[in-house]
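Q: So that we are looking at the same thing, I have put the structure below in structure tokens.
The values are calculated or read from the model by the stated rules, or taken from the named source; none is laboratory data. Since the model is a prediction, treat every value here as computed from it, not as a measurement. We place every Cβ from the backbone using ideal geometry, glycine too, and count neighbours over all the protein chains shown. Heavy atoms of the whole protein, side chains included, go into the accessibility calculation; ligands, DNA and RNA do not. Shrake-Rupley method; radii C 1.70, N 1.55, O 1.52, S 1.80 Å.
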Amino acid sequence: MYRTHTCGCLRAEDVNKTVTLAGWVQKVRNLGAMTFIDLRDRYGITQIVVEEHSSEETKATAAQLGREYVIQVIGNVLERSAKNSKMVTGDIEVAATTIRILNQAQTPPFTIEEVSDGGDDLRMKYRYLDLRRPPLQRAMILRHKMAQAIRTFLDKEGFLEIETPYLIGSTPEGARDFVVPSRMNPNQFYALPQSPQTLKQLLMVAGYDKYFQIVRCFRDEDLRADRQPEFTQIDCEMSFVEQEDILEVFERWAKHMFHTVLGMELTEPFLRMTWAEAMERYGSDKPDLRFGMEFSDVTALAQGHGFSVFDDAEYVTGFAATGCATYTRKQIDALTEFVKRPQVGAKGLIWIRMEEGGTKSSIDKFYTPEEVRAMAERCGAKTGDMVFILCGKKFKALTQLCALRLEVAEQLGLRDPKKFAPMWVIDFPMFEWDEETQRFYAMHHPFTSPKLEDAQYMESDPGRVRANAYDFVCNGTEIGGGSIRIHDAKLQAQIFKALGFTPEKAQAQFGFLMNAFKFGAPPHGGLAFGFDRLCSLFGGADSIRDYIAFPKNNNGRDVMLDAPSLIDQTQLDELCLQLVKPAEK
RNA sequence: GGUGCGCUAGUUCAGUCGGUUAGAAUACGUGCCUGUCACGCACGGGGUCAGGGGUUCGAGUCCCCUGCGCACCGCCA
């Protein structure tokens with residue numbers, strides 16, 4: 001037996017017990033006649049002591065130990081003469097009678113402690129060492145607990161966890177696919193699923209009316225702090241349901257998660273906001289509702305006073321930054337620079353300072369003090385606030401102001417990771433116009449059903465058609481989304497037509513689904529949550545990488561495995577593949 | 001595809017206006033030390049200043065190219 005206890009479990013009541021521990025040497029403190037060893041496993045740290053009167057052999061072994069040596073210690077639990085209140089095991093120590101080196105270790109490239117001295121890149125290369133650190137262990141444990149909580153809830157609700165294949169066919173719509181060449185079918189490729197969307201719909205046709213899966217999905221797009229090429233979805237689908245049924249189940253599910261994982265009781269119903277409202281009030285389809293600073297339309301008040309910047313704009317919108325009247329010229333200039341950065345793209349920033357005696361603004365030459373005050377008050381500004389106004393094309397101005405709102409909130413410390421503001425955004429538009437390719441794309445995906453009352457605009461004004469689609473949003477992040485699907489082959493064909501598919505192309509790519517719909521498809525719908533994002537939300541981190549055991553770096557590389565990499569010529573030959581120099585691409 | 005920031009000891013970083021032998025902390029090694037827990041003290045080893053090119057009497061420092069990393073925009077139905 002390698003151990004009788006873990007390194008985190010011994011307490012004062014265990015004094016006088018003879019125990020065997022095994023773990024990694026975190027640190028050795030040699031004081032001459034006596035040596036202290038911090039022994040670590042994933043349960044904690046226990047101090048081992050080697051004393052003057054210990055056997056010569058034990059002392060000799062202790063002298064050989066280095067960081068991260070794997071050792072086994074047999075010894076007696078003692079009450080410490082000098083207790084350490086910072087450690088849960090700080091009242092005791094284990095006096096070693098025998099130390100056995102189970103494995104030696106090279107000096108690690110960074111310190112494996114609560115706070116490491118290593119940089120991101122290095123820690124990623126030696127991820128298995130970084131994972132020994134308590135913060136990473138807490139992240140892995142959180143993820144495990146969440147997965148358990150998900151399964152417990154959905155199982156109780158009657159959902160079945162059914163696996164779907166990873167090797168499926170490619171569909172060029174949407175994100176780029178990762179493809180896998182087929183040896184047995186030369187020149188043909190599988191694709192890894194971007195999501196099991198069509199497969200779960202087929203499960204509905206098959207009669208499994210409540211399905212879920214915690215499933216890996218793959219998208220060959222550029223990475224971000226919250227985007228990995230392979231990520232995990234909590235994928236759910238239900239039959240014989242309307243939007244309301246789905247929102248009801250998954251609102252209870254979300255509350256269950258907050259309760260079990262964070263111990264938070266959310267009793268109020270989640271706020272619901274239409275997409276149009278979210279855009280006008282927050283300039284985003286995923287508003288951060290942890291704080292106010294809502295937008296107001298001041299177009300009517302701003303125009304017609306000879307200020308051409310506003311007069312020439314389609315839309316003028318602003319918000320009151322709470323308590324920011326004290327901002328200095330330098331701070332305002334910095335925010336102006338912020339909105340003028342190419343990533344935001346505004347031309348300039350108008351401000352109104354709400355002081356005790358009156359207003360002061362960057363547009364005082366063009367408006368009377370009453371007119372300025374009217375605009376500020378329309379934005380809900382009070383004395384002590386600073387109003388920021390942007391103008392331009394409606395949705396451009398709104399999204400630019402959204403970037404500013406989040407920046408100001410960040411500076412004011414309002415984006416508190418311990419606070420949660422969950423909500424539903426509903427009534428998304430069905431289609432999104434793409435300037436580049438001059439065609440409509442499905443905003444959610446092409447299996448989403450349109451709202452019945454908007455179906456009349458399908459041909460004449462597709463941009464006006466709303467979908468039965470909804471997102472679960474928390475703290476400015478899209479955590480999940482879904483829709484009521486189309487279950488009618490004819491309607492599905494009509495949507496493909498609106499998206500510019502020829503009947504032949506639609507048949508070639510999605511024939512399997514439309515054919516299935518001819519065999520008695522039930523009304524159905526569902527949604528999927530980003531599991532990694534949910535973990536980082538609950539864990540209070542910005543990056544999902546901390547919650548993935550072996551993540552990819554910014555360039556989609558696994559620096560630990562050094563993947564992707566070249567393959568043998570034999571493998572290439574078997575797959576009928578030929579390499580091309582990058583320059584010839 | 002694009003923008004910004006970064007790359008100096010095992011690690012995290014400093015390095016002034018371009019000027020002698022590139023520093024600190026930590027880690028590592030050796031010695032001393034009986035209550036440490038960020039142990040302490042002393043000594044020691046450790047550098048392709050990311051790579052290449054250029055400017056200059058002289059480049060870690062200035063310029064150009066390439067690579068790598070991080071964040072973001074595009075992209076992510």
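Q: Could you check how many residues of region A:28-77 are over 21 Å from A:Glu113 (Cα atoms), within 11 Å of RNA strand B (Cβ to nearest atom) and touching a residue at least 40 places away in the same chain (Cβ under 8 Å)?
A: Number satisfying all stated conditions: 3.
Q: Of these, A:Met430, A:Met458, which one is within 13 Å of RNA strand B (Cβ to nearest atom), under 26 Å from A:Gln197 (Cα atoms) and either open to solvent by less than 20 Å² (accessible area, probe 1.4 Å) or at pLDDT 90 or above (or both)? Break it down into steps so the answer makes sense when it comes.
A: On the way: A:Met458 fails: within 13 Å of RNA strand B (Cβ to nearest atom).
Just one listed residue meets the conditions, A:Met430.
Q: Considering each of A:Leu575, A:Leu534 in turn, give the residue that is under 30 Å from A:His444 (Cβ atoms) and touching a residue at least 60 places away in the same chain (Cβ under 8 Å).
A: A:Leu534
Q: Among the helices (runs of 4 or more DSSP H) lying completely within region A:106-223, list those that include at least 2 residues that are β-branched (Val, Ile, Thr) and open to solvent by less than 40 Å² (accessible area, probe 1.4 Å).
A: By residue number, A:197-205.
Q: Still on this model: Take the residues in region A:524-543 that are within 12 Å of RNA strand B (Cβ to nearest atom) and in a helix (DSSP H, G or I); name whichever of them is most open to solvent (accessible area, probe 1.4 Å).
A: A:Arg533
Q: Among A:Ala521, A:Ala469, A:Ala489, which is the only one that is within 32 Å of the chain's Cα centre (by Cα), within 28 Å of A:Ala191 (Cα to Cα), among the aliphatic types (A, V, I, L, M) and open to solvent by less than 70 Å² (accessible area, probe 1.4 Å)? Lay out the reasoning, then the answer.
A: Working: A:Ala521 fails: within 32 Å of the chain's Cα centre (by Cα); A:Ala489 fails: within 32 Å of the chain's Cα centre (by Cα).
Among A:Ala521, A:Ala469, A:Ala489, only A:Ala469 is within 32 Å of the chain's Cα centre (by Cα), within 28 Å of A:Ala191 (Cα to Cα), among the aliphatic types (A, V, I, L, M) and open to solvent by less than 70 Å² (accessible area, probe 1.4 Å).
Q: Now for a separate question. Can you tell me which of (1) open to solvent by less than 70 Å² (accessible area, probe 1.4 Å); (2) near RNA strand B (Cβ under 9 Å from one of its atoms); (3) of a type in the set (Gly, Ala, Ser); (4) more than 24 Å from A:Pro109 (Cβ to Cβ) is the one A:Ser81 doesn't meet?
A: Evaluating A:Ser81 over (1) open to solvent by less than 70 Å² (accessible area, probe 1.4 Å); (2) near RNA strand B (Cβ under 9 Å from one of its atoms); (3) of a type in the set (Gly, Ala, Ser); (4) more than 24 Å from A:Pro109 (Cβ to Cβ) leaves (1) as the failure.
Q: Shifting gears a bit: Could you list, in sequence order, the residues of region A:224-263 that are part of a loop (DSSP other than H, G, I, E, B) and among the charged types (D, E, K, R)?
A: Result: A:Asp226, A:Glu242.
Q: Residues that are in a helix (DSSP H, G or I), open to solvent by less than 60 Å² (accessible area, probe 1.4 Å), over 30 Å from A:Lys451 (Cα atoms) and of a type in the set (Lys, Arg): does region A:545-563 have at least one?
A: Scanning region A:545-563, I find at least one residue that is in a helix (DSSP H, G or I), open to solvent by less than 60 Å² (accessible area, probe 1.4 Å), over 30 Å from A:Lys451 (Cα atoms) and of a type in the set (Lys, Arg), so the answer is yes.
Q: Just a yes or no: is a residue in region A:108-115 within 20 Å of A:Cys9 (Cβ to Cβ), near RNA strand B (Cβ under 10 Å from one of its atoms) and modelled with pLDDT under 95?
A: yes
Q: For region A:179-195, name all the residues that are under 23 Å from the mean Cα position of the chain (by Cα) and more than 12 Å from RNA strand B (Cβ to nearest atom).
A: The answer is A:Leu192, and nothing else.
Q: Does A:Gly66 satisfy the condition of being part of a loop (DSSP other than H, G, I, E, B), open to solvent by less than 60 Å² (accessible area, probe 1.4 Å) and within 24 Å of A:Tyr2 (Cα to Cα)?
A: Taking the combined requirement at face value, the residue satisfies it.
Q: Sticking with this structure for a sec: When residues of region A:433-444 are filtered for being more than 10 Å from RNA strand B (Cβ to nearest atom) and aromatic (Phe, Trp, Tyr), how many remain?
A: 1
Q: Here is a further query. Of A:Gln331, A:Gln303, A:Gln343, which residue is within 16 Å of RNA strand B (Cβ to nearest atom), open to solvent by 20 Å² or more (accessible area, probe 1.4 Å) and either more than 30 Å from A:Ile141 (Cα to Cα) or modelled with pLDDT of 95 or more (or both)? Break it down into steps so the answer makes sense when it comes.
A: Numbers: A:Gln331 fails: within 16 Å of RNA strand B (Cβ to nearest atom); A:Gln303 fails: within 16 Å of RNA strand B (Cβ to nearest atom).
None of the other options fit; the residue is A:Gln343.
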